[in-house]
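Written below as structure tokens is the structure these notes are about.
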Amino acid sequence: MTEPGPKRNDPVTYRDAGVDIDAGNALVHAIKPLVKATRRPGADADLGGFGGLFDLKAAGYRDPVLVAANDGVGTKLRIAIDTGLHDTIGIDLVAMSVNDLVVQGAEPLFFLDYFSCGKLDVETARRVVGGIADGCRIAGCALIGGETAEMPGMYHGADYDLAGFAVGAVERGEILPRADIAAGDVLIGLPSSGIHSNGYSLVRRLVARELLAWDAPAPFAAHRSLAEELLTPTRIYVRPVLAAIRATGGGGSGGAVKALSHITGGGLTENVPRVMPAGLAARIDLSSLQVPPVFGWLRRISGLDEAEMLRTFNCGVGMVITVDAARVDAVIASLADAGESPFVMGYVEPGRGILSEAKGKGLAEAVHYTGLLTG
């Protein structure tokens, strides 16, 4: 005989409705050591307040301008959820915001995360936040707070979503890009670790079409599973790029570094023009790129032509640095000292009348390509 259900006037707790306050408290307790490990000058408060605190004076700034960025990780998150591989997706979350800060010459100071789910699994959330803390340590910024939202009925099963918010600072006279970018300036590329965090809706569709299992050996790297390869975290360029800027005269007038472009959605085609002044364009030698095998595999199974590959994926370049031609060697040396593998990939030239929308920034000169994209 079926047991009678709750009567209309029976007490119904928040837990009965699907929200477990105790689980949320357990998560805060579990991540406190992870958060503490990201402390830096200016951020010394404990986790658990109503807001995160940061002391700009303690961080050593004189006349700072604050720079803010927020982002997610796109549908790369779907792979992490479907495979249970949650440990590095937080690095991607941090990378997508802090790399956007450093292109304006800003040092990332602090980061906040938003984790939302239908039912909180403390261990999964701890692993995700552990990755976020790892990303913050790599970037040199403090994880000073965030929000964990348990919202039954909004998500299916073990699904969760992530968003990240970063704030940095740059001295007023050192904001990038500079206005003195000129024909003849040199473009230096920094390698990506793979797909980073853009293009995954296409990637997932191709994997499904090829009938590939996530735990099968990757067709382009047989020593690891397909999921492990595709979840390779986005590289964080903050420390080496800031070191190069500071070692070669700073970001202001007279410094070697004039601009940076974070290569995200839209690839080289859409992101490099965002820093080019009117009348100038980027000339990129595609034969200079060291293209990771994953892009060759994607090109083969998708049938995409070169132009579409270049505006969909980073194709092996995660950051492009525009440098005064007379100071290229110094910038390359500083980047190499910081563990990077910089390479000259092109130069700035007069525009030739080809225009691009350049990620919503209005009309800007396009990228011109030479050579062949291999892979």
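The values are calculated or read from the model by the stated rules, or taken from the named source; none is laboratory data. Values in this document were obtained by computation on a predicted structure and should not be read as measured data. Cβ coordinates were reconstructed from backbone atoms using ideal geometry, including for glycine residues, and neighbour counts include every protein chain displayed. Quick note on the areas: whole protein, heavy atoms, side chains included, nothing else; ligands and nucleic acids left out. Shrake-Rupley method; radii C 1.70, N 1.55, O 1.52, S 1.80 Å.
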Subset of the stretch 333-375, residues buried (at least 20 other Cβ atoms within 10 Å of the Cβ), of a type outside the set (D, E, K, R) and at pLDDT 95 or above, comes to Ser334, Leu335, Pro342, Met345, Gly346, Val348
Going by the conditions given, is Gly105 modelled with pLDDT of 95 or more and under 20 Å from Lys258 (Cα atoms)? yes
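Being farther than 23 Å from Gly251 by Cα, in contact (Cβ under 8 Å) with a residue 60 or more places away in the chain and open to solvent by less than 20 Å² (accessible area, probe 1.4 Å) is true for just one of Val129, Val98. Which residue is that? Walk me through how you get there before you give the answer.
Details: Val98 fails: farther than 23 Å from Gly251 by Cα.
Every option except Val129 fails the conditions.
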Scan the stretch 328-340 and give yes if some residue there is among the hydrophobic types (A, V, I, L, M, F, W, C), part of a helix (DSSP H, G or I) and without any contact (Cβ under 8 Å) to a residue 12 or more places away in the chain, otherwise no. yes
Residue that is farthest from Val94 (Cα to Cα), among those in the stretch 132-156 that are open to solvent by 50 Å² or more (accessible area, probe 1.4 Å) and β-branched (Val, Ile, Thr): Thr148
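Tell me which residues, restricted to the stretch 167-181, are in contact with a strand residue (DSSP E or B) (Cβ under 7 Å, 6 or more places away or on another chain) and not charged (D, E, K, R). Give the steps one after another, and end with the answer.
As a first pass, look at the stretch 167-181 and keep what is in contact with a strand residue (DSSP E or B) (Cβ under 7 Å, 6 or more places away or on another chain): 167-172, 175-178, 180-181.
Correct list: Val167, Gly168, Ala169, Val170, Ile175, Leu176, Pro177, Ile181.
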State whether the residues of the stretch 157-172 include one that is open to solvent by 40 Å² or more (accessible area, probe 1.4 Å), among the aliphatic types (A, V, I, L, M), under 23 Å from Glu228 (Cβ atoms) and touching a residue at least 12 places away in the same chain (Cβ under 8 Å). yes
